[in-house]
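Student: One structure coming up, written as structure tokens, with questions to follow.
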Amino acid sequence: KAGVTQTPRYLIKTRGQQVTLSCSPISGHRSVSWYQQTPGQGLQFLFEYFSETQRNKGNFPGRFSGRQFSNSRSEMNVSTLELGDSALYLCASSLGPPRPQLVTGELFFGEGSRLTVL
Amino acid sequence: GNSVTQMEGPVTLSEEAFLTINCTYTATGYPSLFWYVQYPGEGLQLLLKATKADDKGSNKGFEATYRKETTSFHLEKGSVQVSDSAVYFCALTRRNAGGTSYGKLTFGQGTILTVHP
């Protein structure tokens, strides 16, 4: 079955602009999580959505936001871009509650959207 | 809070050498532990997992044992191949009160492994 699909794969923005990234989870997966990956900070959790509700949120400023649609697809938005927002943004999907997964916490990652802020 | 500490890299080995990548964690309660691998140009993939103390996770010749007494989850492989060259991440997630874990993982910094022929 198809994996997690993220679009766009690459994008370049300038400071002050905003960006929207999209993620289509694996069919049947209802939970979507977002991570930021940078050489300095590594992988950091942004937020998680399930049934269109944000369930967890990491320690990022309010410029970072997300949402999930009824078909489980998710978008994340970063407003007023800063140079430090340059990163690989990874989306991951999982089955989510209420049915416990066979392997709790097992995530399926997309290839990421690489954002460069100039 | 939760944290994961991995050995500093990069690690460079010759083919067929023995691999160990150390991972220790700090967490309250009973976390589940994972090793994820990221091949060049790809997203992360789950390599192996362990959900309770003394569990041994294994996959593709890699093994890791959940050691609660030393709060460790070291990754080992007896004979590495060139195709094992990748970045390896140790991670944990806490079970919530209902026993299920959601999508919030705490990752270590990652260890770059390069295997030469």
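Student: Per residue and in Å³, how big is the convex hull formed by the alpha-carbon atoms of the protein assembly as shown?
Tutor: Measuring per residue, one finds 125 Å³ for the Cα hull of the protein assembly as shown.
Student: Something else: To the nearest whole number, what is the average tally of beta carbon atoms from other chains within 10 Å of the beta carbons of peptide A:55-68?
Tutor: 1
Student: Next up: How high is the FRET efficiency from A:Gln18 to B:Ala17, r the C-beta distance, R0 41 Å, rounded to 0.05?
Tutor: 0.30
Student: Ok, one more. Quick check for me: using +1 on Lys/Arg Cβ and -1 on Asp/Glu Cβ, what's the dipole size of region A:10-118 about its Cα centre, in debye to the nearest 20?
Tutor: My answer is approximately 160 debye.
Student: Can you flag which of A:Lys57/B:Lys68; A:Lys57/B:Lys104; A:Lys57/B:Lys52 are past 19 Å Cα-Cα?
Tutor: A:Lys57/B:Lys68; A:Lys57/B:Lys52
Student: Taking N as the number of residues in chain A, what value does Rg over Cα atoms divided by 2.2 N^0.38 Å take?
Tutor: Dividing the Cα Rg of chain A by 2.2 N^0.38 Å gives 1.02.
Student: Assuming 0.36 nm per residue, please report the length gained on full extension of the stretch A:Thr38 to A:Glu52 beyond their Cα-Cα distance.
Tutor: Result for the pair: 2.3 nm of gain on full extension.
Student: Calculate the mean, over all residues of peptide B:42-50, of how many other protein chain Cβ atoms lie within 10 angstrom of the residue's Cβ.
Tutor: Rounded to a whole number, the mean comes out at 5.
Student: Suppose each label sits 7 Å from its Cα in the direction of the beta carbon; what would the B:Lys68-B:His116 distance come out to in nanometres?
Tutor: 4.3
Student: Give the lysines reachable from B:Lys77 as a straight Cα distance under 16 Å; neighbours fewer than 8 places away on the same chain don't count.
Tutor: B:Lys49, B:Lys56, B:Lys60
Student: Ok, one more. Identify the residues of region B:8-30 with backbone N under 16 Å of a label point that sits 7 angstrom from the Cα of B:Ser79 along the Cα-to-Cβ direction, or state none.
Tutor: B:14-19
Student: Same structure again: So what is the orientation-averaged projected area of chain B, using the convex hull of its C-alpha atoms, in nm²?
Tutor: 7.0
Student: Further question on the same structure: Which value, in Å to one decimal place, does the Kirkwood hydrodynamic radius take for region B:1-44 when every pair of different Cα atoms is included?
Tutor: 13.1
Student: For peptide A:23-35, compute the average count of partner chain beta-carbon atoms within 10 Å of each residue's beta-carbon.
Tutor: Average per residue, whole number: 1.
Student: For B:Asn59 paired with A:Tyr10, estimate the spin-label separation in nm (one decimal), with each label point 7 Å from Cα along the Cα-to-Cβ line.
Tutor: Here the answer is 2.9 nm between the modelled labels.
Rule-based calculations on the coordinates, nothing more; no lab input. This one's a predicted model, so the numbers in the text were calculated from it and none came from an experiment. Reconstructed Cβ throughout: ideal geometry from the backbone, glycine too, with neighbour counts over all protein chains shown.
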